[in-house]
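Engineer: Got a structure for you, questions after.
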Amino acid sequence: MRTPTIRFALILVLAGAFSSTAHGQFNPGAKDVAAPPSDIVNGRVVLPSASETGSSSPVQIRALAPTWDAARGWTAEIAFDVDADGPLSLALLMPQFVTFAWEFVRPSGATIDAAELRRMAQHDARENAFEDSTWSADRWDLSAAARGAWRVRITAPGLASTEPPPSGWLVARTAGRARLVAHASTLETRSDMHVGIVARFEDAQVLSDLHGRAVVQLATGSIALDLADDGLHADGAAGDGTFGAYLPAWTSGDVLARVDLVGTAQDGGTIARTANLAFPMIERRAALTG
């Protein structure tokens, strides 16, 4: 059996649908603008700025990377940060339906037992059709989660060692208000221009230890870009809390990026968010001047 390929664009849609219903409001991001070119040139239709066309995300997204355990079967342990006391929602999104056993580990290291989990959480597992694919969502909603570093252990006891490990993504939504806003540095996403990926926090009192990375899927393969706040990477002024990274020169085709930003708040807690971003890099075929 061939392991299905995870598509970032599909994760963007499913994660957006999840965060829109997880105790918060969802910003749908960019909207299409349709108008005659003359209306844009003469100013009758004003295009949005680049910062208004990206995505705004309140979630963390972590890849599922299971390993074989002789006692448990295919098992993955995923860590994520809870930056505020309150409700916690988790959804495991997969391109196949697999029955999982979940273990929740508090910041103290204590595991939530089955009886307590039934009292404090609601569980829902279902399949979702998207174009020509069927994806499953295994979701838990906890009524209360303390701030700190949490872990979940996810096991697929029904799969044999000879079967491919399950693939997917864990999406975590905390009670924290912080959002990660990510967008292309310009609306002119042409391959002959310097185009960057830009990211910043909103509604977060993050003062120190900010760092970020973008995992970018291009037509030529996947690359990782470290984000900088030095004023040299489409990020505005140095030290202003906005981070950026330039795409490689002459990039063309669809760009699908997963952007992560992490920082330390005033109270010492960790704030982490993930945003998915998709835009085309267009090759200039001709330039008409008259």
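Engineer: Please order Val105, Val171, Val262 by the number of other Cβ within 10 Å, starting at the fewest. Intermediate results must be reported in sequence, preceding the final value.
Structural biologist: On the way: Val105 16, Val171 27, Val262 19.
Ordered by Cβ neighbours within 10 Å, fewest first: Val105, Val262, Val171.
Engineer: Using +1 on the beta carbon of Lys and Arg, -1 on that of Asp and Glu, and nothing else charged, what's the dipole of the stretch 177-290 about the Cα centre, debye to 20? Walk me through the numbers before you get to the answer.
Structural biologist: Working: 9 positive and 14 negative charges, 77 e Å.
Value, rounded to 20: 380 debye.
Engineer: Averaging the inverse of every distinct alpha carbon separation and then flipping it gives the Kirkwood radius. What is it for the stretch 219-290, in angstrom units?
Structural biologist: 14.9 Å
Engineer: I'd like to know which of Leu187, Ser161, Gln217 lies farthest towards the positive end of the charge dipole of the stretch 125-245, counting +1 on Cβ of Lys and Arg and -1 on Cβ of Asp and Glu.
Structural biologist: Going by the Cα projections, it comes out as Ser161.
Engineer: Follow-up question, since we're still on this one. Please report, in debye to the nearest 20, how large the charge dipole of the stretch 106-173 is about its Cα centre when each Lys and Arg carries +1 at its beta carbon and each Asp and Glu carries -1 there.
Structural biologist: Working: 9 positive and 9 negative charges, 109 e Å.
It comes to approximately 520 debye.
Engineer: May I ask for the net charge around Arg72, where only other residues with Cβ less than 14 Å from the Cβ of Arg72 are counted and Lys, Arg are +1 while Asp, Glu are -1?
Structural biologist: -2
Engineer: If you don't mind, another one. Sorted from largest down, what three extents in whole angstroms do the Cα atoms of the stretch 99-257 have along their principal axes?
Structural biologist: Ordered largest first, the stretch 99-257 gives principal extents of 57, 41, 27 Å.
Engineer: As a test of the definition: which semi-axes, in Å, follow for the stretch 45-173 when you take the square root of five times each eigenvalue of its alpha carbon gyration tensor? Largest first, please.
Structural biologist: Taking √(5λ) for each eigenvalue gives 28, 22, 14 Å, largest first.
Engineer: Using the C-alpha atoms of the stretch 197-259, what convex hull volume per residue, in cubic angstrom, is computed? Don't skip to the answer; put the middle values down first.
Structural biologist: Working: hull volume 5.2 nm³, N = 63.
Once divided by residue count, the hull of the stretch 197-259 is 83 Å³.
Engineer: Of the GluC sites (Glu not before Pro) in the stretch 102-201, which ones lie in a loop per DSSP and count no more than 15 other C-beta atoms within 10 Å?
Structural biologist: Glu131, Glu188
Engineer: Which order do the peptides 190-201, 224-235 take when ranked by the mean count of other beta-carbon atoms within 10 Å per residue, highest first?
Structural biologist: 190-201, 224-235
Engineer: Rounded to whole Å and sorted largest first, list the principal axis extents of the Cα atoms in the stretch 143-212.
Structural biologist: Principal-axis extents of the stretch 143-212 (Cα, largest first): 50, 36, 22 Å.
Engineer: Right, another one. Cβ neighbours within 10 Å, averaged per peptide: list 52-64, 266-278, 210-222, 248-260 in order, most packed at the top.
Structural biologist: Averaged packing, sorted descending, gives the order 52-64, 266-278, 248-260, 210-222.
Coordinate-derived values only; no laboratory data. Only a predicted model underlies this, so the values are computations on that prediction, with no experimental measurement involved. Cβ coordinates were reconstructed from backbone atoms using ideal geometry, including for glycine residues, and neighbour counts include every protein chain displayed.
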